[in-house]
1. Hey, any idea what Rg/Rh is for the stretch 93-184, computing Rh the Kirkwood way over Cα pairs?
2. Connecting C-alpha atoms closer than 10 Å in a GNM of the chain, tell me which of Ala173, Ala79, Ala33 has the biggest fluctuation.
3. Give, rounded to the nearest 20 debye, the magnitude of the charge dipole that the chain has about its Cα centre when Lys and Arg contribute +1 at Cβ and Asp and Glu contribute -1 at Cβ.
4. For the stretch 96-178, give the magnitude of the charge dipole about the Cα centre (Cβ charges: +1 Lys/Arg, -1 Asp/Glu; no others), in debye to the nearest 20.
5. Placing +1 on the Cβ of each Lys and Arg and -1 on the Cβ of each Asp and Glu in the stretch 1-106, which of Pro94, Ala45, Ala75 has its Cα farthest towards the positive end of the resulting dipole?
6. When only C-alpha pairs under 8 Å and at least 6 residues apart count, what is the relative contact order of the stretch 88-184, in percent?
7. Just Leu167, Leu80, Leu100 to compare: in a GNM of the chain, with alpha carbon springs under 10 Å, which one fluctuates most?
8. Using θ = phi - 60° and the Karplus form 6.51 cos²θ - 1.76 cosθ + 1.60, what ³J(HN,Hα) does each residue of the stretch 167-184 get, whole Hz, x for Gly and Pro?
Amino acid sequence: PGGGWIVGGEFTQVNGVGRGRLVKLRADGTVDAAFTASANGSVWALAAAGGTVYVGGEFTSVNSTTRNRLARIDAATGALDATFVPSMTGGSSPAVCALLVSGTRLIVGGTFTSASGTAHQNLAALDATSGAFVATFTGEADGRVAALTVAGTDLVAAGEFDNIGGLARRGVARLDTTTGAAAA
């Protein structure tokens, strides 16, 4: 977004320039100095929607502001969106591993037991604008959700689970994008 690539990971330096696990690279591979986002822990997932980038990982702050494993930043500057304050918590090692923007929703996969204050395990839908938990998305997984994509009108999830969306599905499953229910 915005004429470059936003990259996340575990790094603290890119091309000799100090960066805290988030960087924007220009088309020529140089670091975009105008983009100043940083996270205090690993960044495992990114999803772009217009001029916005959703960031997920193992961090507890972005740009020195508390954000529990999920944040939204400006694609051009890296500025943190102060109005988007969801929290993915719980479990022995909570993390956001996968993100997917689907219409007005942000689908979140990872290792967590609470999504924006609601008990929900490893897969959740949030309102993409407010970060509020979407209660009509009931899909949950009994293990880590590591990847999300859309195939036609279905949500496809992959990870280390044996049950997801209410049915036994080992490692990969096709789900209803609206409800999170596993396809029969």
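1. Working: Rg = 11.4 Å, Rh = 12.4 Å.
Reported Rg/Rh, Kirkwood definition of Rh: 0.91.
2. Ala33
3. 160 debye
4. Its charge dipole is roughly 100 debye.
5. Toward the positive end, the furthest listed residue is Pro94.
6. Details: 258 pairs, mean separation 19.2, N = 97.
20 percent.
7. The residue that fluctuates most here is Leu167.
8. Computed from phi, the couplings for the stretch 167-184 are 10, 6, 8, 8, x, 8, 8, 9, 10, 6, 5, 7, 9, x, 6, 5, 5, 6 Hz.
The values are calculated or read from the model by the stated rules, or taken from the named source; none is laboratory data. Quantities reported herein were computed from a predicted structural model and do not represent experimental measurements. With ideal geometry, Cβ positions are generated from the backbone for all residues, glycine too; neighbour counts draw on all protein chains shown. To get the accessible areas, we keep the full protein, side chains included, count just its heavy atoms, and leave off ligands, DNA and RNA. Shrake-Rupley method; radii C 1.70, N 1.55, O 1.52, S 1.80 Å.
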